[in-house]
Amino acid sequence: MSALIVLTGPSGVGKGTLLRSLIQRHPELYLSVSVTTRSPRPGEIDGKNYYFVSRSTFERMVANGELLEWADFAGNLYGTPRKAVEDQIRQGNRVILEIELQGARQIRKNFPAALQIFILPPSLLELEDRIRHRAQDSEEAIVRRLQSARTEIAAADEFDICIVNDDIAKALERIEATLFATATC
Ligand SMILES: Nc1ncnc2c1ncn2[C@@H]1O[C@H](COP(=O)(O)OP(=O)(O)OP(=O)(O)O)[C@@H](O)[C@H]1O
Ligand SMILES: Nc1nc2c(ncn2[C@@H]2O[C@H](COP(=O)(O)O)[C@@H](O)[C@H]2O)c(=O)[nH]1
């Protein structure tokens, strides 16, 4: 069973929605809290959804080697704090990173044993619909995210497993089956 689990997929596909349910059902899983230079959305809490930091703080963290991976995505910087992840794994816990493609590739290179899951939308049209209905991003941000989505979806076959998030309950079941599959011989 991999201690480190990466969940990737285009913005708006439903990663956060699926992970909220997953953690509720399996509180023993540790969901890494990322650092970002993005401004908080209404309702987002510093330290819970993200650590919201300035660009200079983020750059200092990169220079000090404090991030396990990081990426420039749609105009903002995002990264995984190294210490919390390493502490949790040392304590025997399984850690989930919800990150985009560039970060997932860095993790694959540095932690080849990590389990890498890619979440796909039923279609690009449905993805756009979800981002727009979420109503959390500017038009400019939506366009950038949809542009990135094409590149990300094209890379889906790099991943250990791809799961289509058509129906939330079914997608969650598939994630659980992947995470808690027991080895047989
Ligand atoms: N299976 C689904 N069917 C319909 N709507 C969904 C489904 N899964 C998620 N959604 C909705 O899609 C929107 C985007 O979901 P969410 O914010 O979880 O995406 P995300 O992948 O975490 O995005 P980001 O990477 O930008 O953080 C939300 O409004 C959510 O309620
Ligand atoms: N490489 C990383 N990507 C991350 C990290 N935390 C979040 N993300 C991804 O960024 C986009 C945009 O997120 P949003 O909250 O602004 O919608 C999304 O794909 C996230 O999965 C991280 O630490 N590293």
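The values are calculated or read from the model by the stated rules, or taken from the named source; none is laboratory data. Being a predicted model, the structure only gives us computed values, none of them experimental. Positions of Cβ are generated from backbone atoms using ideal geometry, with glycine treated the same way; all protein chains shown enter the neighbour counts. What goes into the accessible areas is simple: the full protein's heavy atoms, side chains included, and nothing from ligands, DNA or RNA. Shrake-Rupley method; radii C 1.70, N 1.55, O 1.52, S 1.80 Å.
At 1.4 Å probe size, with no ligands or nucleic acids counted, give the accessible surface of Val143 in Å², nearest ten.
Taking all protein chains as shown, Val143 has close to 60 Å².
Can you tell which of Ser148, Ser56, Pro42 lies farthest toward the positive end of the dipole of the chain, using +1 and -1 charges on the Cβ of basic and acidic side chains (Lys, Arg; Asp, Glu)?
After comparing all options, I get Ser56.
Give me P(r) over the range 53-97, computed from all C-alpha to C-alpha distances, binned every 10 Å, as integer percentages.
Pairs per bin, as whole percents: 26, 48, 23, 3.
Would you mind finding the longest exposed-site-free stretch of the chain, with exposed GluC sites (Glu not before Pro) meaning DSSP loop and at most 14 other Cβ atoms within 10 Å?
The longest such stretch corresponds to 45-185.
With each label point set 7 Å from Cα along the Cα-Cβ vector, what nm distance links Ile161 and Thr178?
Modelled inter-label distance: 0.6 nm.
Report, by chain and number, residues whose modeled amide H sits under 5 Å from the one on Leu68, excluding near sequence neighbours (fewer than 5 apart, same chain).
Residues meeting the amide H criterion: Thr80, Arg82.
Springs between alpha-carbon pairs under 10 angstrom, Gaussian network model over the chain: which of Ile117, Ile45, Ile168 fluctuates most?
Ile45
For the chain, calculate the relative contact order in percent as a whole number, restricting contacts to Cα pairs under 8 Å that are 6 or more residues apart.
It rounds to 33 percent for the chain.
What are the residues whose amide H is under 5 Å from the amide H of Val164, where those residues sit 5 or more places off or on another chain and H is modelled from the backbone?
Leu120
Using the Kirkwood radius over C-alpha pairs as Rh, can you work out the diffusion coefficient of the chain via Stokes-Einstein at 37 °C, viscosity 0.692 mPa s, in µm² per second?
194
Could you please state how large a percent of the accessible area of the range 119-185 is carbon and sulfur, counting protein chains only and using a 1.4 Å probe?
The nonpolar share, carbon plus sulfur, comes to 53 percent.
Hey, rough spin-label estimate for Asp129 and Lys48, points 7 angstrom out along Cα→Cβ, what's it come to in nanometres?
3.0
Return the whole-Å distance between the Cα centroid of the range 153-175 and the Cα centroid of the range 1-68.
Comparing the Cα centres of the range 153-175 and the range 1-68, I get a distance of 19 Å.
Taking the solvent-accessible surface of protein heavy atoms with a 1.4 Å probe, what is the per residue accessible area of the chain in Å²?
53
Lys and Arg at +1, Asp and Glu at -1: add these up for the other residues within a Cβ distance under 11 Å of Arg25 and post the number.
-2
Residue by residue through the range 133-141, which ³J(HN,Hα) values in whole Hz follow from phi under the Karplus form 6.51 cos²θ - 1.76 cosθ + 1.60 (θ = phi - 60°), with glycine and proline marked x?
Residue by residue, the range 133-141 yields 5, 4, 6, 10, 10, 5, 4, 4, 5 Hz.
Ignoring everything except DSSP H segments at least 4 long, calculate the 222 nm mean residue ellipticity for the chain; use -39,500 (n - 2.57) per segment, divide by total residues, nearest 500.
Value at 222 nm, helices only: -13000 deg cm²/dmol.
In whole Hz, with x marking every Gly and Pro, tabulate ³J(HN,Hα) for the range 111-119 from phi via Karplus 6.51 cos²θ - 1.76 cosθ + 1.60, θ = phi - 60°.
Values per residue, Gly and Pro as x: 9, x, 7, 5, 8, 10, 10, 10, 9 Hz.
Out of residues 5 or more away from Tyr50 or on other chains, whose amide H comes under 5 Å of its own, with H placed 1.01 Å from N in the peptide plane?
Ile45
On a full-extension model of 0.36 nm per residue, what is the gain between Val62 and Val143, subtracting their alpha-carbon distance, rounded to one decimal in nm?
26.4 nm
Tell me the accessible surface of Leu18 in square angstrom (1.4 angstrom probe, heavy atoms of protein chains only), to the nearest ten.
0
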